[in-house]
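Just below is one structure, and these are the notes that go with it.
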Amino acid sequence: HIAALPGVLSVAPDPRLQVLLDESVPLIGATEVWSLLDSSSLPVTGVGVKLAIIDSGIDYTHPDLGGCFGAGCKVAGGYDLVNEDADPLDDHGHGTHCAGIAAANGAVKGVAPGATLYAYKAMNEYGWGSGSMLIAALERATNPDGDPATDDGADVINMSVGQVGGTPTDAISAAVDAAVSQGAVVLVAVGNEGDSGY
């Protein structure tokens, strides 16, 4: 029994999670924010911000999301935890939807069009994933190179997934807390279905 092993503090179920493709939020006044200036007198558009989308991947071939993947592209990096490879191309649509709302910069403009995106695919082609994949994605987003001495983690992490019955002390909540303690701002969708607890 795993719970009886030395060093194991607790054992929790690995919940099944699902993304939901809902309508975008109404206009939130982002264009007014873009006219504001930051402490360096630059417009507040997300320039210099690393934004990780933990979802079903991102269709980085879309022109509003840069049309390419890798260094120098709008979607500069990420990982596919579902297929265990370095290509987080979206085969569901929800992650691309979220990335567009957050940072599209083309015919469609997102809230932070200047931000650089990082795609962490933790949901499959049907929009399903697991808590353990979400936790692994959070770990990769906060420390992509695996070296805690380098500052290469995301500034902002978006997770638009929900879990009915989550609690502030469950494993996913602990992983979110760990990401925040490493300096990331973590945004978690709530209200899609039930109470996520995060």
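The values are calculated or read from the model by the stated rules, or taken from the named source; none is laboratory data. All of these numbers come straight from a predicted model, not from anything done at the bench. We place every Cβ from the backbone using ideal geometry, glycine too, and count neighbours over all the protein chains shown. Calculation scope for accessible area: heavy atoms of the full protein, side chains included, ligands and nucleic acids excluded. Shrake-Rupley method; radii C 1.70, N 1.55, O 1.52, S 1.80 Å.
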Can you find a residue that is at pLDDT below 95, open to solvent by 40 Å² or more (accessible area, probe 1.4 Å) and of a type outside the set (V, I, T) anywhere in segment 43-50?
yes
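Suppose the filter is among the hydroxyl-bearing types (S, T, Y), surrounded by fewer than 22 Cβ atoms within 10 Å (Cβ to Cβ) and within 30 Å of D151 (Cβ to Cβ); does S10 pass it?
When the stated conditions are applied, S10 does not pass them.
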For the structure I just gave you, tell me whether G127 is open to solvent by less than 30 Å² (accessible area, probe 1.4 Å), within 15 Å of the chain's Cα centre (by Cα) and at positive phi.
yes
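Conditions tested, residue by residue: (1) within 16 Å of the chain's Cα centre (by Cα); (2) open to solvent by 30 Å² or more (accessible area, probe 1.4 Å).
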residue: G66; (1), (2): no, yes
residue: G72; (1), (2): no, yes
residue: A76; (1), (2): yes, no
residue: V82; (1), (2): yes, yes
residue: D87; (1), (2): yes, yes
residue: D90; (1), (2): yes, no
residue: G106; (1), (2): no, yes
residue: A112; (1), (2): yes, no
residue: A115; (1), (2): yes, no
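Only one residue in A184, A174 is within 15 Å of G131 (Cα to Cα) and modelled with pLDDT of 90 or more. Which one?
Testing whether each residue is within 15 Å of G131 (Cα to Cα) and modelled with pLDDT of 90 or more leaves just A174.
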